[in-house]
Amino acid sequence: MQSFTMRPSQLRLVEDIYRTDQTTKPKAYIALGPGLTTYTTLTATSNRLHRTRRQLIGQVLTDRSMRAFEPTMIEQVDVLIRNLLASTRKSEPVNMTDESRRLGLNIAGLLAFGYDMRLQTDEQNRFMLDMLDAGPYWSNVFLHYPRARTFRLGLITVQAFRTLREPYLALVQKMIKARMAEEAYAKHDLYSHIAHALSADAESGGLRDSELWFEANLFLTAAGDTVKTALSATFFYLSRNENAYQTLAAEIRSAFQAGSEITGPGISGCQYLRACIDEALRMSPPASGILWREQAPETGDQALLVVDGHVIPKGTVLGVNVYSLHHNEEYFPDSFTYRPERWLEDADTEARRHMRDAFIPFSVGPRGCAGKSMAYLETGLVVAKVLWYFDFEAAPGKLGKVGEGHAGMEEGREREGVFQLYDTFTAMHDGPYLRFKPRGGY
Ligand code: HEM
């Protein structure tokens, strides 16, 4: 008789399904890409193709590259700070989902195309945000139900999409044209890192022009749409948990002498900040559903995929639901309570190790997020700068309740203290509406 597990089994599933090169993305993932025959780093079903692509695009996402990109990011965060300041002059509450979407997508555009869409200050290009809501929504439908493309639903979607897609593609074309008109090293963006690999033949691991721009386009969703949720959720929980708010405010306000000192290296020492962000990512993961996998064809006909002691038939798709794992009481006691302190209790116990292993907002293994450092840098800078310059609280009245659960909503959505997400592979949400008050002489 074989004995398999001393470890709780959801962790074993994460280990066997994700922390391995025996699995890959199933074919249906193509729905998340630009077309039915074109793969990107995110959608590649061949692990070999994936490795090459990941190596190429990974160059612009390293810690070193992020240090060079940081001033551009900070300029955008400062635009947000000015917008929040303007809201205080008009005494208007601010919807943090809207602000975070504009900021997140604008920064993604700067890294992907070296192009400033000015989403935070100008209405003109904000149709991009509608496409980035509709795109993941429908891609998620087709990911789970690929045959829908061939049915009437497919036709209806194509029609509905056309009005959103045309201006979106026109702006993408404009960004590409503008970028190609400049020297490769004129900006610190994806192009500057991988222009050298363009037009090389496939054998040498190079990229065709169009493939580069599909990867750049992937950044818009991968970086824009996820960071928006991380930020909205962090602000939601801070505005409802006085202790966490006060502890974090004290940390940020004692760590820096001026807002201009808030930089990547500076916030890396702010442990409570990181704990607040991690706790928000745990409770409201930006990709909250199941990241499907199947046995990789490269493992060969004879290889067996064994998951938690079971042989999985070839072609079976499987995965772990991130939201449910992050709310598994075995790993996260009192899992619907926002408690950043859980990340700072440093006893090296088995329970603590299991908790860390069960925290997978960025997924894990070879197909885990390529932009994790960027995500922490961006969310950390925003939250720290906002708390440096402002005090904030939930807006009064009904507006202040937008984004939270309440009795009478569908089952599972009744908890007031929980930020409500709608799974679209990434997530849709609304709120929180916050009222800001400038601190000190700002
Ligand atoms: C809080 C923010 C973020 C979260 C929670 C997040 C989460 C994830 C997850 C769960 C995956 C795996 C998807 C799958 O298995 O299908 C992923 C992949 C990816 N993410 Fe992120 N992400 C975030 C921010 C970013 C940023 C800022 C970038 C920058 C461009 C980025 C780039 C990517 C890329 C390129 C992939 C594909 C990686 C691969 O397949 O090798 N992400 N992300």
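Assorted remarks:
- Taking each residue of the stretch 370-392 that is free of Cβ contacts under 8 Å to residues at least 12 places away in the same chain and looking for partners that are within 12 Å of the ligand (Cβ to nearest atom) and aliphatic (A, V, I, L, M) with beta-carbon atoms closer than 9 Å, six or more apart or interchain, yields Lys372/Leu61.
- Tabulated pairs, the stretch 23-39, first free of Cβ contacts under 8 Å to residues at least 40 places away in the same chain, second hydrophobic (A, V, I, L, M, F, W, C) and more than 13 Å from the ligand (Cβ to nearest atom), C-beta under 7 angstrom, 6+ apart or interchain: Ile30/Leu36
- Counted residues, the stretch 40-57 - those being outside any loop (DSSP other than H, G, I, E, B) and either of a type in the set (Phe, Trp, Tyr) or more than 8 Å from the ligand (Cβ to nearest atom) (or both): 7
- Residues of the stretch 233-263 satisfying the condition of being within 14 Å of the ligand (Cβ to nearest atom) and either at pLDDT below 95 or farther than 21 Å from Leu325 by Cα (or both): Phe235
- Among all positions in the stretch 345-356, there is no residue which is within 16 Å of the ligand (Cβ to nearest atom) and assigned to a loop (DSSP other than H, G, I, E, B).
- Within the stretch 264-292, being among the small types (Gly, Ala, Ser) and within 13 Å of the ligand (Cβ to nearest atom) holds for Ala280, Ser284, Ala287, Ser288, Gly289.
- Per-region count, the stretch 276-311, residues more than 29 Å from the chain's Cα centre (by Cα) and either assigned to a loop (DSSP other than H, G, I, E, B) or under 16 Å from Gln10 (Cα atoms) (or both): 8
- Selection within the stretch 119-152 - part of a loop (DSSP other than H, G, I, E, B) and either of a type in the set (S, T, N, Q) or in contact (Cβ under 8 Å) with a residue 60 or more places away in the chain (or both): Gln120, Thr121, Gln124, Asn125
- When each of Ala134, Ala108 is tested for being of a type in the set (Gly, Ala, Ser) and within 16 Å of the ligand (Cβ to nearest atom), the lone residue that passes is Ala108.
- Thr379 modelled with pLDDT under 95, within 16 Å of the ligand (Cβ to nearest atom), hydroxyl-bearing (Ser, Thr, Tyr) and out of contact with any strand residue (DSSP E or B) (no Cβ under 7 Å at 6 or more places or on another chain): no
One line per residue, one yes/no per condition, for (1) β-branched (Val, Ile, Thr); (2) more than 14 Å from the ligand (Cβ to nearest atom):
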site: Gln59; (1), (2): no, no
site: Met73; (1), (2): no, no
site: Ile81; (1), (2): yes, yes
site: Leu85; (1), (2): no, yes
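- Scanning the stretch 62-71 for residues that are over 19 Å from the mean Cα position of the chain (by Cα) and in contact (Cβ under 8 Å) with a residue 24 or more places away in the chain yields Arg67, Ala68.
- The one condition from (1) of a type in the set (Ser, Thr, Tyr); (2) within 16 Å of the ligand (Cβ to nearest atom); (3) buried (at least 21 other Cβ atoms within 10 Å of the Cβ) that Tyr331 does not meet is (2).
- Residue ID - farthest from Asn140 (Cα to Cα), chosen from residues in the stretch 293-322 that are within 16 Å of the ligand (Cβ to nearest atom) and in contact with a helix residue (DSSP H, G or I) (Cβ under 9 Å, 6 or more places away or on another chain): Glu298
- Residues in the stretch 26-39 that are within 8 Å of the ligand (Cβ to nearest atom) and in contact with a Phe, Trp or Tyr (Cβ under 7 Å, 6 or more places away or on another chain): Leu32 only.
- Criterion: modelled with pLDDT of 95 or more, among the small types (Gly, Ala, Ser) and more than 13 Å from the ligand (Cβ to nearest atom) - qualifying residue of Gly417, Gly412, Gly440, Gly368: Gly417
- Some residue of the stretch 73-86 being farther than 23 Å from Arg435 by Cα, buried (at least 19 other Cβ atoms within 10 Å of the Cβ) and in contact (Cβ under 8 Å) with a residue 40 or more places away in the chain: yes
- Top-ranked residue of the stretch 82-107 - restricted to ones that are over 22 Å from Val402 (Cα atoms) and either over 16 Å from the mean Cα position of the chain (by Cα) or outside any helix (DSSP H, G or I) (or both), ranked as modelled with the lowest pLDDT: Arg89
The values are calculated or read from the model by the stated rules, or taken from the named source; none is laboratory data. Note that the structure is predicted; figures quoted are calculated from it, not measured. Methodologically, a virtual Cβ is constructed for each residue, glycine included, from the backbone with ideal geometry; neighbour enumeration extends over all protein chains shown.
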